[in-house]
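J.: Take a look at this one; I'll ask things after.
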Amino acid sequence: MKYIHIELQFIETNEVIPQGQLGITLEDYFNGKYVPLNEKQSAFLESHPEITPVEAFLMVTSPSQEEIFQQRKRDKLYQVFKYDHSEAVNVFFVNEVPLWLNKNSRASLFTTLAAYKTANKEVITLWTSGNNPMPITLTLSSFESLLMSLEIYAKECYDKTSEHKANISKIETIEELVAYDHTLGYPEKLRVQI
């Protein structure tokens, strides 16, 4: 596999790059990580052996500073996407057990809640994920409160992610882009004790 690295330029190795040193974006490259080249990028490098790692990554010869800046903006937006889909955001805790319910699951559970109410059920069970799922039994009122709180948390996270994307789209210098912290401002994680 071929990689680009800011100090080593190009490196070809079959060794596994340690997780903390592996990147996927041009921003990662500028931060000193090994970034693998895909087949098209590798082919571009082979047909242009004199190019720089940035040119290989972008698949253009002599990219302008604007092209590099725009790619780094796309990379920053990708970092926002990754962060928004990570456990740094997508987690809540019931009795300190981490859980997450995506939008479709939450919508389905609102329907389930209505059905349980109609059937005069008093409790509902959530299950943790993973190889060894554990039940978490809640009263319907506790469950409804949890779902409402979780929906508010998810909406506030969505709003913060959208705000970060809007802010990044307005950035005009590489210095501002590098300094921009896309992890700030998310709401405190929801914690429930039952």
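J.: Work out from phi, with θ = phi - 60° and the Karplus expression 6.51 cos²θ - 1.76 cosθ + 1.60, the ³J(HN,Hα) of each residue of region 21-30, listed in order in whole Hz, and give x for Gly and Pro.
T.: Result, ordered by residue: 9, 9, x, 9, 10, 5, 4, 4, 4, 5 Hz.
J.: Between region 20-51 and region 83-159, how far is it from one alpha carbon centroid to the other, in angstrom?
T.: One Cα centre to the other: 40 Å.
J.: What is the count of Lys pairs in region 1-125 whose alpha carbons sit under 19 Å apart, if the two are 8 or more places apart or on different chains?
T.: Within region 1-125, the lysine pair count is 7.
J.: So, one more: Across region 120-125, in residue order, what do the Karplus-derived ³J(HN,Hα) couplings come to in whole Hz, using 6.51 cos²θ - 1.76 cosθ + 1.60 with θ = phi - 60° and x for Gly and Pro?
T.: Working through the residues one at a time gives 6, 6, 10, 9, 9, 10 Hz.
J.: Related question: Give the long-range amide H neighbours of Val192: residues separated by 5 or more places, or on another chain, with amide H under 5 Å away, using H modelled in the peptide plane at 1.01 Å from N.
T.: For Val192, whose amide H was placed from the backbone, the distant partners under 5 Å are Phe93, Val94, Asn95, Glu96.
J.: Can you compute the helix-only [θ] at 222 nm over the chain? Use -39500 (n - 2.57) per DSSP H run of at least 4 residues, normalise by all residues, nearest 500 deg cm²/dmol.
T.: Calculated mean residue ellipticity at 222 nm is -15500 deg cm²/dmol.
J.: From the phi of every residue in region 44-56, what ³J(HN,Hα) in whole Hz does the Karplus formula 6.51 cos²θ - 1.76 cosθ + 1.60 yield, where θ is phi - 60° and glycine or proline is x?
T.: Here the 3J(HN,Hα) series is 4, 4, 5, 7, 9, x, 8, 6, 8, x, 5, 5, 5 Hz.
J.: In whole percent, how big is the carbon plus sulfur part of the accessible area of the chain, probe 1.4 Å, protein atoms only?
T.: Here carbon and sulfur together make up 53 percent of the probe-accessible area.
J.: Right, another one. Return a whole-number percent for the relative contact order of the chain, with Cα pairs under 8 Å and 6 or more residues apart as the contact set.
T.: 19
J.: So for the chain, taking the charge dipole from beta-carbon charges (+1 Lys/Arg, -1 Asp/Glu), which of Leu150, Ala56, Ser42 sits furthest toward the positive end?
T.: Leu150
J.: Now a separate question. Checking a compactness column here: for the chain, what do you get for Rg(Cα) / (2.2 N^0.38 Å), N being the number of residues?
T.: Rg over 2.2 N^0.38 Å, computed on Cα atoms: 1.39.
J.: Further question on the same structure: On C-alpha positions alone, give me the angle between the axis of helix 140-170 and the longest principal axis of the chain, in degrees, nearest 10.
T.: With rounding to tens, the tilt is 20 degrees.
The values are calculated or read from the model by the stated rules, or taken from the named source; none is laboratory data. Here the structure is a predicted model, which is why all the values come from computation and not from measurement. As a convention, Cβ positions derive from the backbone with ideal geometry for all residues, glycine included, and neighbour counts pool all protein chains shown. Please note that ligands, DNA and RNA were not included when accessible areas were found on the heavy atoms of the full protein model with its side chains. Shrake-Rupley method; radii C 1.70, N 1.55, O 1.52, S 1.80 Å.
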